[in-house]
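These notes concern the structure reproduced below.
The values are calculated or read from the model by the stated rules, or taken from the named source; none is laboratory data. Values in this document were obtained by computation on a predicted structure and should not be read as measured data. Note that each Cβ is placed from the backbone with ideal geometry, even for glycine, and that neighbours are counted across all protein chains shown. SASA here: full protein model, heavy atoms, side chains in, ligands and nucleic acids out. Shrake-Rupley method; radii C 1.70, N 1.55, O 1.52, S 1.80 Å.
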Amino acid sequence: MARSYDQLCPIARTLDLIGERWTMLVLRQLYFGDTKFSQLLQNLPGIPATVLSDRLKKLEEHGLTERAVYSQHPLRAEYRLTAKGESLQPVLGALAAWGMEHCLSDRDVRVMRRALPGEVLTALGLDG
């Protein structure tokens with residue numbers, strides 16, 4: 001289990017919730033429309049299944065996602081962002097915009113702009 005910052009600071013409290021490795025990328029994929037565990041695993045190369053499961057459980061426990069079982073045998077579920085989870089969209093957009101400006105080459109930015117659907121660029125505030 002991750003250690004808490006144990007501070008009365010909104011940034012520290014937010015990082016307690018979404019600051020673990022992979023969590024923001026799980027949120028990104030849910031935001032992009034991946035709903036099934038297998039989709040998330042496929043679109044998050046390198047994430048161990050146990051870590052994905054842990055992150056999804058934590059997000060659900062804190063009301064950022066909801067889980068709906070669609071098959072009992074074998075057990076299969078879909079994951080969706082709740083309104084609370086959707087409210088992180090500006091945070092994802094800000095991280096994406098900052099990363100496009102400061103972490104990617106001009107060539108990589110052009111590749112990203114071509115690869116992402118227009119509605120995703122707009123939703124993340126990257127269409128300018």
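Does K36 fit the bill of being open to solvent by 60 Å² or more (accessible area, probe 1.4 Å) and either within 15 Å of the chain's Cα centre (by Cα) or not aromatic (F, W, Y) (or both)? Criteria met by K36. Every condition in (1) open to solvent by less than 30 Å² (accessible area, probe 1.4 Å); (2) within 20 Å of A2 (Cβ to Cβ); (3) out of contact with any Ser or Thr (no Cβ under 9 Å at 6 or more places or on another chain) holds for P48 except the one numbered (1). Being at pLDDT 95 or above and assigned to a loop (DSSP other than H, G, I, E, B) is a condition met by at least one residue of segment 48-56.
Residues in segment 69-115 that are in contact (Cβ under 8 Å) with a residue 40 or more places away in the chain, touching a Lys or Arg at 6+ places or on another chain (Cβ under 8 Å) and either aromatic (F, W, Y) or assigned to a loop (DSSP other than H, G, I, E, B) (or both): Y79 only.
Can you find a residue in segment 69-85 that is of a type in the set (F, W, Y) and farther than 25 Å from E119 by Cβ? Yes - at least one qualifying residue is present in segment 69-85. The set of residues in segment 1-32 that are small (G, A, S) and within 18 Å of P90 (Cβ to Cβ) contains only G19. R107 falls short on exactly one of the conditions (1) farther than 21 Å from A2 by Cβ; (2) surrounded by 15 or more Cβ atoms within 10 Å (Cβ to Cβ), and that condition is (2). Could you please find all residues in segment 110-127 being of a type outside the set (K, R), in contact with a Leu (Cβ under 9 Å, 6 or more places away or on another chain) and open to solvent by 60 Å² or more (accessible area, probe 1.4 Å)? If the condition is that a residue be of a type outside the set (K, R), in contact with a Leu (Cβ under 9 Å, 6 or more places away or on another chain) and open to solvent by 60 Å² or more (accessible area, probe 1.4 Å), then M112, D127 are the ones that fit. Considering segment 1-17, and only residues there that are touching a residue at least 12 places away in the same chain (Cβ under 8 Å) and under 19 Å from L52 (Cα atoms), the residue that is surrounded by the fewest Cβ atoms within 10 Å (Cβ to Cβ) turns out to be A2. Would you check if R28 is assigned to a helix (DSSP H, G or I), over 21 Å from E66 (Cβ atoms) and not aliphatic (A, V, I, L, M)? No; evaluated as a whole, the condition is false for this residue.
Which residues, taken from segment 70-90, are open to solvent by less than 80 Å² (accessible area, probe 1.4 Å), at pLDDT 95 or above and out of contact with any helix residue (DSSP H, G or I) (no Cβ under 8 Å at 6 or more places or on another chain)? E78, T82, S87, listed by residue number.
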